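Every number here is computed from the coordinates shown, using simple stated rules; none is lab data. Note that the structure is a prediction, hence the values are computed from the model and not measured. Backbone-built Cβ (ideal geometry, glycine too); neighbour counts: all protein chains shown.
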Amino acid sequence: MDILYLVCLHKNCILINMKGIEKIKYLTDDQIKLLCHSSVQYRRCSKVYIEVIKLKKNTIQVKIKDRGKYNVGDKRLTNESLTEIAQKVFEDCMPEGMQLHIFTIASGIDLSIVGPKYINDNLNELGLTSKDLVNVLQMREPNVKRMIYGKRRLMEWHKSALYQYFERQK
């Protein structure tokens, strides 16, 4: 089910359907329309969902998820292709000096294995610490430690980012 949001900017009401877009305050009405149009097209044609997670000082954190229904010859979208899609969607709406941090969630990966035990096992095996995961998750170290100890819930994009990071390190 698609979620639609109504945002009133500059006395104009705009129907939007990219979750979290309201967090990016500097967007013009035209940029919002462009982002939402792109998001709708990828969702309709490829079952790819885009969400703005957070806006930090000079970074926009975006989650892009493949719902696994896009098959061309039994090929699924890779993390690299999801990253390219997110970059294309946001390329005309990024001001100078702003960065885009993309968390991809590709289909076909069993993320249920990613939990505190998985994280600790991989940290020990690879000789890493919680400080190494701060940049991966774009979170403060106390929050990363809570995840490692099972005191903070792992979101799907956290699991995907950790899974991909550990796989690249091996």
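The figures follow:
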| item | result |
| --- | --- |
| Total lysine pairs whose alpha carbons fall under 17 Å of each other in the stretch 89-170 (8 or more apart, or interchain) | 8 |
| Inter-site label distance for Lys170 and Arg152 at 7 Å from Cα along Cβ, in nm | 2.5 |
| The chain - mean residue ellipticity at 222 nm from DSSP helices (-39,500 (n - 2.57) per run, n ≥ 4, rounded to 500) | -13000 deg cm²/dmol |
| Cβ-based exposure ranking for Ser112, Ser107, Ser130, in which fewest neighbours within 10 Å come first | Ser112, Ser107, Ser130 |
| Cα shape, the stretch 14-136, gyration tensor, a/c 1.5 rule | oblate |
| DSSP-assigned coil residues among GluC sites (Glu not before Pro) in the stretch 52-138, each with at most 11 further Cβ atoms within 10 Å | Glu96 |
| Test item: Cα-centred dipole of the stretch 13-170, Lys/Arg +1 and Asp/Glu -1 on Cβ, debye | 620 |
| Sorted by Cβ neighbour density within 10 Å, fewest at the top, the residues Asp30, Asp132, Asp110, Asp66 | Asp110, Asp30, Asp132, Asp66 |
| Dimensionless Rg over Rh [the stretch 128-170; C-alpha; Kirkwood] | 0.93 |
| Intensity falloff of the stretch 85-170 expressed as log10 I(q)/I(0), Debye formula with alpha-carbon point scatterers, at q = 0.13, 0.25 Å⁻¹ | -0.47, -1.28 |
